[in-house]
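What follows is a set of notes on a single structure, which appears directly below.
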Amino acid sequence: MNNIPVSPIETLNAAIQNHNPFSKAGIVKEQDIWGKGFPDIPTLNAHASDAIFQAVEKVQTSQSSQEKVTSLVLTAQQGVGKSHILSRTRHRLESNGGALFVYASVNNYTDLNLIKYQFQQTLANSLSHTGSQSVMQWQEIAAAMANEGFKAINSASQNLSPQELIDRFDRVCASWATKNKNFMNTLTKQVLKTKSKADPYIVRAVLWTLSESETPFAIKWLSGEELDKSKAEELGLPANSGKTNQDREAESLNNVQQILNLVSYYSPVIICFDEIDVNTSCRDDGLTTPQVIADLVKRLYDTLEHSDLGQGLVIITVMMPYTWTDTVNVMSGGIPDRVSTYTQRKPIDLKYLNGDSLVDLVGLWLQDFYQVRNLNPPHPVYPFEETQLREHGRGKPTVREALNWCAENFQVFMPPMPELPEDPIERFEFALTKELEADIREEMEDNSTIAQAIYFGFETLKGQTIDKVTVDDITAEIKPKAKNAGWIGFKIIGTENGKAIKIGVAIIQTSQSELVAALKRLIDYQTFDLTRGCLVRSQSKIENIKKTSKAYKLLEELVSVEKGGEIVYLVEEQIKPLMALRAVCKKCRDYNLTEDQVFEFISQKHLTFENPLLREILSDPSGEMPVVDDEDESLLLEDIFNPPSSDDTDDGDLSDLFS
């Protein structure tokens, strides 16, 4: 930015007044771990993240089966940056590879009596997130397994990338079926020749994640849930039917061991237990959440220590210092020794910010803020001064405290607001006009901000009827909370033609992997008590989806006749008024208005009643799929895989897969 002229101070100050990038910076959510994340200073608490990757290297290179599992404890007071370290670890792995990442937010665990079953679900869900090869972590492993199977038959076979296999897998299965052959039976058999100790059903389920159409069912089965009998038979898997939660709890530890034994053959695995201090629940036997998690870590450690973990496992548990000293470190049965083995029962303590690191942190946060607006400030931390930040850093604040302080002090001197009109409705119009001047380009990429604006719009419509739909209520409490993990933003509860409706709304402007995560929840009407799912996303982002992608398959299911869901395009001209109205309500005191007056004027002028975005969410779904980019069909599967002839043997078929 040194060669770019400094932006006019009035323009900079207007941007600062219209948006505060620190307003939601202090809290790290699960979606920050898996999603885009946030600006991070790699040198801050580098000793902790370095220890994690050193531990991974140690278990990966160790020749001793007893050293293939290790564990670390990270301790720090609330807000110091424990979850930041996990987010840094995840995003470094996503960029560079090196290990599979499993994240367990214990705050989402709803029943500590089913801790092992819930962890199996965590494992399956975490491996469903995108890895370093731009596909699910499950699919990375499945591709490695499949390529091994091919080489078992033909040593000259070339490895196919995960995406190449995904693009062609369903077509191969269909081609073989026309020859009365079962491709999955053959492939599973070949993989098991080199993985004789592996559970054949788990091998089969993991391989099914290469199928665009069957991935959701395979992952559901791997999480320990029940499949319909017909679907289970189609996939060649047990249905898991008739089992109680207690049955699943009893089986889960063995299932977890089998999964980790299999996937760790191809990659090290990092398991992170977070927020164990937040959940205040107790198990029926009286054990608290930290005790239950510590016991689970010990069980995992003991179960896996002598297992065939090819590239190793690292277990990380983050907690408050007092949780370690007063709870975990005094537990019996060798639990502390298993929870913290890498540093010999010594937790890794995180450090507070100082003056230098606070300047670096603020500079990083503001870099994105200015770049997205094509602005060049006079110095990187404007409107703060470096001396001001260094002075505040002397108090060694936590990351959360520092970012909250920045949120409170991110302001500039602005000319006094013009004298407000005497008439309240004129004051409202003045306020709305002023808030509509805001630049919302950055907010158009922020799922949370958009969701809050739409939510506010529906709040103003409670009790009103739009196109035969009466809005009775709106709630952001989507249960079960752990399974939703924040992907469905809110639920509209109402009546339509005398029938109760519950519309789940997900706003996803971010990556396609996050879109997939949201859509999987949005089509699960039974779990989340919905009658309809609605995805809100920009048209350009929808059109970039490939027809062969998992996201497209899930969109097809959402808008199918059976589901009756819909896709609503996010249009800047339609969301901007909602953002402005919400801003007026939040700043009503500045404009000498009350919240009741704001709601009243919105209703009088039909500002939300006539909003096209809100009306489209409530309208009858069209059932039509959007037009998207077509994949290049020149690379047909048959160009690489040659379907077997009817008189070939199963083992011989695989040798013909490659031209």
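The values are calculated or read from the model by the stated rules, or taken from the named source; none is laboratory data. All of these numbers come straight from a predicted model, not from anything done at the bench. Here Cβ is always computed from backbone atoms with ideal geometry, including for glycine, and neighbour counts include all displayed protein chains. Side chains included, ligands, DNA and RNA excluded: accessible areas come from the protein's heavy atoms. Shrake-Rupley method; radii C 1.70, N 1.55, O 1.52, S 1.80 Å.
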Among the residues of region 553-574 satisfying the criterion of being closer than 14 Å to residue 508 by Cα and of a type in the set (Val, Ile, Thr), which is surrounded by the most Cβ atoms within 10 Å (Cβ to Cβ)? 568
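Open to solvent by less than 50 Å² (accessible area, probe 1.4 Å), touching a Ser or Thr at 6+ places or on another chain (Cβ under 8 Å) and modelled with pLDDT of 90 or more: does that describe residue 469?
It is true that residue 469 is open to solvent by less than 50 Å² (accessible area, probe 1.4 Å), touching a Ser or Thr at 6+ places or on another chain (Cβ under 8 Å) and modelled with pLDDT of 90 or more.
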For residue 228, are the conditions met, namely being out of contact with any Pro (no Cβ under 7 Å at 6 or more places or on another chain) and buried (at least 16 other Cβ atoms within 10 Å of the Cβ)? no
Filtering region 126-148 down to residues that are more than 24 Å from residue 35 (Cβ to Cβ) and not hydrophobic (A, V, I, L, M, F, W, C) yields 147, 148
What's the total number of residues in region 517-553 that are touching a residue at least 60 places away in the same chain (Cβ under 8 Å), outside any loop (DSSP other than H, G, I, E, B) and not basic (Lys, Arg)? 7
Check on residue 373, within 22 Å of residue 84 (Cβ to Cβ) and either open to solvent by 10 Å² or more (accessible area, probe 1.4 Å) or under 31 Å from the mean Cα position of the chain (by Cα) (or both): no
Test set (1) of a type in the set (S, T, N, Q); (2) surrounded by fewer than 19 Cβ atoms within 10 Å (Cβ to Cβ); (3) in contact with a strand residue (DSSP E or B) (Cβ under 9 Å, 6 or more places away or on another chain) - residue 70 fails condition number: (2)
Where in region 187-286 are the helices (runs of 4 or more DSSP H), entirely inside, with at least 2 residues that are under 23 Å from the mean Cα position of the chain (by Cα)? 200-208, 215-222, 245-263
With respect to residue 128, determine if the residue is open to solvent by less than 20 Å² (accessible area, probe 1.4 Å) and either within 20 Å of residue 261 (Cα to Cα) or at pLDDT below 90 (or both). yes
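To keep it simple, each residue is scored yes or no on (1) more than 17 Å from the chain's Cα centre (by Cα); (2) surrounded by 21 or more Cβ atoms within 10 Å (Cβ to Cβ); (3) assigned to a loop (DSSP other than H, G, I, E, B).
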{"position": "117", "(1), (2), (3)": "yes, yes, no"}
{"position": "121", "(1), (2), (3)": "no, yes, no"}
{"position": "149", "(1), (2), (3)": "yes, yes, no"}
{"position": "157", "(1), (2), (3)": "yes, no, yes"}
{"position": "165", "(1), (2), (3)": "yes, yes, no"}
{"position": "177", "(1), (2), (3)": "yes, no, no"}
{"position": "180", "(1), (2), (3)": "yes, no, yes"}
Do you know which residues across region 84-117 are closer than 18 Å to residue 244 by Cα and among the polar types (S, T, N, Q)? 110, 113
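Tell me, which helices (runs of 4 or more DSSP H) wholly within region 585-659 include 1 or more residues that are open to solvent by 70 Å² or more (accessible area, probe 1.4 Å) and either modelled with pLDDT under 90 or under 30 Å from residue 499 (Cβ atoms) (or both)? Lay out the reasoning, then the answer.
On the way: elements: 595-604, 612-618, 650-655.
Answer list for region 585-659: 612-618.
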Any idea which of (1) open to solvent by 10 Å² or more (accessible area, probe 1.4 Å); (2) in contact (Cβ under 8 Å) with a residue 24 or more places away in the chain; (3) not in a helix (DSSP H, G or I) is the one residue 338 doesn't satisfy? (3)
